1. Among the residues of the range A:60-90, count how many are more than 29 Å from the chain's Cα centre (by Cα) and at the interface with another protein chain (Cβ under 7 Å from one of its Cβ atoms).
2. If the requirement is being under 23 Å from B:Thr100 (Cα atoms), among the acidic types (Asp, Glu), more than 7 Å from chain B (Cβ to nearest Cβ) and open to solvent by 20 Å² or more (accessible area, probe 1.4 Å), which of these qualifies: A:Glu407, A:Glu424, A:Glu399?
3. Just checking, does the range A:68-76 include any residue being in contact with a Leu (Cβ under 9 Å, 6 or more places away or on another chain) and closer than 20 Å to B:Val265 by Cα?
4. Only one of (1) over 14 Å from A:Gly254 (Cβ atoms); (2) touching a helix residue (DSSP H, G or I) at 6+ places or on another chain (Cβ under 8 Å); (3) not in a helix (DSSP H, G or I) fails for A:Met159. Which number is that?
5. Given the criterion surrounded by 24 or more Cβ atoms within 10 Å (Cβ to Cβ), out of contact with any helix residue (DSSP H, G or I) (no Cβ under 9 Å at 6 or more places or on another chain) and more than 17 Å from A:Ala155 (Cα to Cα), identify the matching residue among B:Gly153, B:Gly162.
6. Quick one: B:Arg397 ticks every box in (1) touching a helix residue (DSSP H, G or I) at 6+ places or on another chain (Cβ under 8 Å); (2) at pLDDT below 95; (3) surrounded by fewer than 23 Cβ atoms within 10 Å (Cβ to Cβ) except a single one, so which number is it?
7. Here are A:Thr447, A:Thr431: which of them is open to solvent by 10 Å² or more (accessible area, probe 1.4 Å) and modelled with pLDDT of 95 or more?
8. Before we move on, is A:Glu241 open to solvent by 10 Å² or more (accessible area, probe 1.4 Å), touching a helix residue (DSSP H, G or I) at 6+ places or on another chain (Cβ under 6 Å) and more than 30 Å from A:Tyr355 (Cβ to Cβ)?
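The values are calculated or read from the model by the stated rules, or taken from the named source; none is laboratory data. What you see is a predicted model; the values in this text were computed from it and never measured. A quick note on method: Cβ atoms are made from the backbone with ideal geometry, for glycine too, and the neighbour counts reach across all protein chains shown. Calculation scope for accessible area: heavy atoms of the full protein, side chains included, ligands and nucleic acids excluded. Shrake-Rupley method; radii C 1.70, N 1.55, O 1.52, S 1.80 Å.
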Amino acid sequence: MISPGAGKASSSPLMGNDSEPTIFEYSHRGRKSWSFADTDIPDIELDSIIPPQYQRQEPLELVEMSERDIVAHFTRLSQRNYAVDVGAYPLGSCTMKYNPKIFDYIATLAGVSAVHPATPASSIQGWLELMVNFETSLCEITGMAAATLQPAAGAAGEMTGLLLMRAWHNHMGQNRKKVLIPDSAHGTNPASVRLGGYEVVTVPSNSKGLVDLEVLKDLLDEDVAGIMLTNPNTLGLYEEEIAQIAKAVHEVGGLLYYDGANLNAILGVIRPGDMGFDIVHVNVHKTFATPHGGGGPGAGPVAVSEKLIPFLPGPRPVRLENDSVLKFGWQQMPSTSIGRLHSWHGNAVVIARAYGYLLANGAEGLRKVANTAVLNANWLRHRLRGIYEIPFDRPNMHEFIASIGKEKRKAGLHAMDVAKMLLEQGFHAPTINFPLIVEEALMIEPTETESPQTLEQLAQAFEQVAKQMQDSGTEIAHQAPRNTPVRRLDEARAARKLIQTWDANQTLQN
Amino acid sequence: MPNYIPHSDDEIQQMLSFIGLNNVDELFNMIPDALKVKGELNLGRAMSEPDIAKTFRSFAKRNSSVEDLVCFAGGGSYDHDIAAVTSSVGSRSEFVTSYTPYQPEVSQGVLQALFEFQTLISRISGLEVSNASLYDGASACVEAANLTTAATGRSGIWLSGGLNPNWAQVVRTFASGSGQEISKTTLSNGKTNWDSLKGSEPPAALLVQYPNYLGIIEDLKLARQVADSLGAMLIVAYDPIAMSILESPGKYADVAVAEGQSLGVPLSFGGPYLGLFSVKKDLVRRLPGRLIGETVDVESKKGYVSTLRAREQDIRRERASSNVCTNQTLMAIAAAIQMSWLGTGGIRQAATMTAKAAYYCQQLAIQIPGVKMVSDSAFYKEFALNLPISAEVAVERLLEEGFLAGIALSQGFEDTEFEDSLLICVTEKRTRQEIESFIASLEKVVA
């Protein structure tokens, strides 16, 4: 049949594994979706407003699509994507818990989402109060004295922490050069340290998977600005010597930075401040159930101990004294402040969702979150014993590490194969090949929101994968996944022959 | 109380006994009691779903949104139209509740949407390579400063005095860690006066906003000439919608950055927004953040992956030139939908209506006795006025008249001749009637 025009049809077959065309292939000259209000503004030549020498000569070509095609296209794309709302997502270190829908509702209230950030304080009392309340709750949870909500994600929180360290040492008349990081740390830690102007010194883990206190003591001197730690660490293990670590670091005048990626495990159980930490960032998109959005937005608020308050970024939302007409306002930055970190006030709507989550749980609920997250992870570790190698087979917290074992490695099997075979079984894969100190690591974090039934089903999928590897070696393993929208992708080719934008002449034909 | 944990008490007991424990407290036996929280945190009792909704409605009621006030404020956050499809399809829960696409076989939806986003942003910026987003306009400026200092081996960044003052502050904050030396030019009739930094050490890059914070259309050709004379790179922070009528920054810039909030992201009290970042192709290996590329699977079927991953922090660790991990993917997807809806014609229509509405408003404003433009240079969407009274007072008074009148430049725009001026923004949403009653109220409050 001859199509009446160029371009793709909206109703191309969906349920098969065909590729979805790009918006550029749906585009057809003369099609339109947009409409704007009739504003009755008197017309005037554009040339008399914008001098012609500044105007573009060639038109800016985007696409020309019908609204119907746009909806079909992006809906199909969404259906080619795994998500928490679809099933379990045991991605270690990422805390992929269920994101309650009530917070979607609060995020769409006009008084939350349609507020201009430069609106004067008198007309944003609700926002200011919410932020002050959230900071207070955050301090209670982390055992800190004050907080900033400006950092837009965990990595920005880390930068904030390092700048606070620098400001503190400068204030003490010192210019320290090094920051210590365990070898099991997240990649953002060393990257942030370097961007913060510090040199990275790696602390090795001991045979128990914990910071080696004796080695740490040898590394400590008065050139050490501080240490960045997660506790529980990325192996899911509690740093049992944290009090001694804190003491040793403080003795040389260093500060302790708590990477909040794993805070979920300890909510209401133990607080970073009580462990001896001076600076804490919290990934609210992990611990406080704000959705990850396919990679963001997040929010990475930072809480600090009393002595670091003068260095916090600003302006800060504050409760005003009683005699003030307004209850809440902005406090301008003191001269000691490290300065502004965000275009405005941080990822405010993400913070609002997180605050809702704290209200929904209360103290008791948060403790139950930690209890159940830790229970689920320990249960799954026990369940997978004998099926996978468990390099640190002792009580873990919210996550644990498994590995495929030496024999399978010798047979040419990898953590990557487990990941792809699990996808074939209908589950998202765990984090793989991290932390770097475990060969072929599978980092498994079930979170508290998966039911025992789901955990069992997940365990069976892991079991099935191990069995397939046992029975057929690399044969099935290297073929997987066979039932996903696409199969294993050629990543080397993507890098070698970079195609980063759509181009009619360059796109691959299907 | 809402309960997002599925387990019944029985199930918890059964799971505990499977792992050889009697109660949940024993899960935390490795933690010394002395360090544990005594009793409960001081957070109060859990709230029911209807009570949470009520609490937030009460917060919301104590904020004035742009549905309550007619918005004439900009300064990096713009009250542009957002299509219903953008909100609706952009909040599909498969997009909202997925993680970073680490397993591409089950993340093709996010990856393809980001690939389309990258393509659209490259068309707007005029530079070949665009990443899959950064946090916001300010963080994009910081990453551009980091890229150009790394690429040139120089440490200086010259900021135009017309750069958004909040962004300039953020660049300075991060520079205190990286050791960059940040200088700022003066303005001359509202435009960057590059000569004001003549004689200083040649910088890694010049950073100019286009149109600048005062809405004035900067001369990019001149900025490029200055950069070339110094052997420096040029970073342009552009307004994405304006690029449908203005010459694109790609003609002159090595790096183009932007705040992408205008492309379908709600005002959101300042965040989450959308940082846009584009570079010339020869800088691709220095690109911060995620980049999506097209490739094939084992059956030669087209697919998408995160590519040139060796640049990123999780692989390169302390040798990475950026620490960004979480970005603003969901906003990038929304922007891709919004840009599809606007399309070639709509983006130009939005920019043209915006330019004409702003011009109309400005023409009326300068007829008010005592009100003057701070500069007679050509502007787009925003303009700054000197008022006979303090701009801050004017903004407060106009709130009572139902207008968010703009931004008082005393807030953050220091060290310029425009310290006590009012920055007004007009988008395609503003009607003639709204503008005329705004001007009438402005005339009343400054009289």
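1. Qualifying residue count for the region: 7.
2. A:Glu424
3. Among the residues of the range A:68-76, not one is in contact with a Leu (Cβ under 9 Å, 6 or more places away or on another chain) and closer than 20 Å to B:Val265 by Cα, which makes the answer no.
4. (3)
5. Answer to the selection: B:Gly162.
6. For B:Arg397, the failing item is (2).
7. A:Thr431
8. yes
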